[in-house]
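The values are calculated or read from the model by the stated rules, or taken from the named source; none is laboratory data. Because the structure is predicted, anything quoted here is derived from the model rather than measured. Positions of Cβ are backbone-derived with ideal geometry, glycine not excepted, and every protein chain shown enters the neighbour counts. Each accessible area value is taken on the protein alone, full model and side chains, heavy atoms only, with ligands, DNA and RNA left out. Shrake-Rupley method; radii C 1.70, N 1.55, O 1.52, S 1.80 Å.
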Amino acid sequence: MGLYSDYLFPPLLDLATRPFYRNRQRLIAAARGRVLEIGVGNGANLPLYGEQATEIHGLEPSIPLLNRARRQATNSPHPQRIRLLAGDARRLPYPDRYFDTVVACLVLCTIPEPERAAREMRRVLADNGQLLILEHIASPNPRTQRCQNRLTPLWKQLACGCHLNRPTPDILHHAGFDLANTRRYRHARLPAFASQVLEGTATPYPG
């Protein structure tokens, strides 16, 4: 963490993710019960949770971002239901099957060792729970994917660890999630090298 990542990058990230606002609204509105949001960041999603989300836990490794999220929480509906915690998605400090909903919103592109984070999300999610997912992912187009592979080393430096070429659907599938109720599409308001999106509701495979 440093000056750029903690203080200069967050406003740039807010600007870059504005095209996703309606997607985020739609995604977060589906959260229900006890909810865990991985990488809550500056808390931009907190005002979007509906009444069905009775308890909201937000996990974030960056203390400056977490402090912003705490300020955002005070402006959210029913702030008493929000619990924010510094932590690592690869080692979630919660018991098995603790949550009804897990939210991963524009975060799996950045988490180191996303395979471990995905397995942890499956571990803490109830067997009848839901993973609400909105992520930009590797393009299925070979030409675009080659471009993503070339750009990612520089992009990671500019975007604080973000990968353009993460095979997130495969990562989630191998962690035990059924992606039948998700969709993959090209977001019309994003540049081609970052426009492939995975969005929807994933559910745990039994067992």
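For L84, the stated conditions hold: it is farther than 25 Å from T152 by Cα, touching a helix residue (DSSP H, G or I) at 6+ places or on another chain (Cβ under 7 Å) and of a type in the set (A, V, I, L, M, F, W, C).
Is it true that some residue in segment 191-200 is within 17 Å of the chain's Cα centre (by Cα), at pLDDT below 95 and over 20 Å from G39 (Cα atoms)?
Yes: one or more hits.
Pairs meeting the criteria (first residue in segment 186-207 and more than 26 Å from P142 (Cβ to Cβ), second residue of a type in the set (D, E) and surrounded by 14 or more Cβ atoms within 10 Å (Cβ to Cβ), beta carbons under 9 Å, at least 6 apart or on different chains) are T203/D178; P204/D178; Y205/D178.
Within segment 48-56, not a single residue is in a loop (DSSP other than H, G, I, E, B) and modelled with pLDDT under 90. Criterion first (among the polar types (S, T, N, Q), surrounded by fewer than 23 Cβ atoms within 10 Å (Cβ to Cβ) and in contact with a strand residue (DSSP E or B) (Cβ under 8 Å, 6 or more places away or on another chain)) does T54 satisfy it? Here the answer is yes, as T54 does meet what is asked. Applying the set (1) modelled with pLDDT of 95 or more; (2) open to solvent by less than 30 Å² (accessible area, probe 1.4 Å); (3) not in a loop (DSSP other than H, G, I, E, B) to A31 leaves exactly one unmet item: (3). Where residues in segment 16-28 are charged (D, E, K, R) and open to solvent by 30 Å² or more (accessible area, probe 1.4 Å), which of them is modelled with the lowest pLDDT? So the residue we want is R18.
Residues checked against (1) among the hydrophobic types (A, V, I, L, M, F, W, C); (2) under 25 Å from E51 (Cα atoms):
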{"residue": "G87", "(1), (2)": "no, no"}
{"residue": "R90", "(1), (2)": "no, no"}
{"residue": "Y98", "(1), (2)": "no, yes"}
{"residue": "V102", "(1), (2)": "yes, yes"}
{"residue": "E113", "(1), (2)": "no, no"}
{"residue": "G129", "(1), (2)": "no, yes"}
{"residue": "P140", "(1), (2)": "no, no"}
{"residue": "C147", "(1), (2)": "yes, no"}
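Contact annotation: residue pairs with Cβ atoms under 7 Å, 6 or more positions apart or on different chains, pairing a residue in segment 64-88 that is touching a residue at least 40 places away in the same chain (Cβ under 8 Å) and part of a helix (DSSP H, G or I) with a partner that is open to solvent by less than 30 Å² (accessible area, probe 1.4 Å) and charged (D, E, K, R), are P64/D6. From the list V40, V103, the one residue that fits, being under 26 Å from K156 (Cβ atoms), of a type in the set (V, I, T) and not in a loop (DSSP other than H, G, I, E, B), is V103.
Cβ separations smaller than 6 Å between residues 6+ apart or across chains give no pair from segment 134-148 residues that are under 12 Å from S195 (Cα atoms) and without any contact (Cβ under 8 Å) to a residue 12 or more places away in the chain to residues that are in a loop (DSSP other than H, G, I, E, B) and of a type in the set (A, V, I, L, M, F, W, C). Being under 18 Å from T101 (Cβ atoms), open to solvent by less than 10 Å² (accessible area, probe 1.4 Å) and modelled with pLDDT of 90 or more is a property that G39 lacks.
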